[in-house]
Amino acid sequence: IWTQQSVNLSAYAGKQIIVRFDYVSANDTPDKGIAIDNITIPEIGFKDDAESGIQGWTLNGWQQIDNVVPQRYIVQYAQIIGNAPATSRVQRLIGPTDTATSGTWPFTLNANDTLLLAISAINDSTDIPATFGLSAQLTGTPAPDSTTESTAEATPESTP
């Protein structure tokens with residue numbers, strides 16, 4: 001919800017001042033924060049629409065965004081092979097520095113195998129919960145001592 005705020009600065013006419021924006025929230029309260037846009041001081045010809053870059057002020061503790069917080073993910077799987085954990089494997093599908101945001105990965109599973117898929121959102125700039133879409137397509141007919149091929153397709157979604 002956007003609300004328009006104004007402050008009368010006429011008491012400071014002819015003086016040099018610093019205008020600061022501060023946002024405080026309780027540590028134990030999940031909060032999405034605030035967005036500040038269209039800052040104007042018409043008396044001195046200052047206007048900043050926040051979309052055209054930083055216009056003579058400093059982002060100290062703030063992040064300039066396009067209404068979406070960039071989000072990265074780590075996607076890993078662990079395949080537990082039957083009753084032989086020594087032959088099980090763990091593999092990273094999307095790492096923290098990868099530019100991939102989706103993928104299709106085929107897995108071949110035997111009837112007694114277990115597949116665990118771990119999806120971790122990583123972003124130090126926000127505590128807004130991230131969303132991640134995942135769909136799985138199973139092919140074949142599971143039966144004792146048979147093999148079923150599975151395909152997982154993952155697509156992360158950024159949270160505004």
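How high is the FRET efficiency from Glu51 to Thr139, r the C-beta distance, R0 41 Å, rounded to 0.05?
0.30
Apply the Karplus curve 6.51 cos²θ - 1.76 cosθ + 1.60, θ = phi - 60°, to the phi angles in the stretch 87-104 and return the couplings in whole Hz, x for Gly and Pro.
Karplus values, whole Hz, x for Gly and Pro: 9, 5, 9, 10, 9, 8, 9, 10, x, x, 9, 5, 8, 5, 10, 7, x, 10.
FYI, it's all coordinate maths here, none of it is from the lab. From a predicted model like this one, the values you see are computed outputs, not experimental measurements. Glycine also receives a Cβ, built like all others from the backbone with ideal geometry; neighbour counts cover every protein chain displayed.
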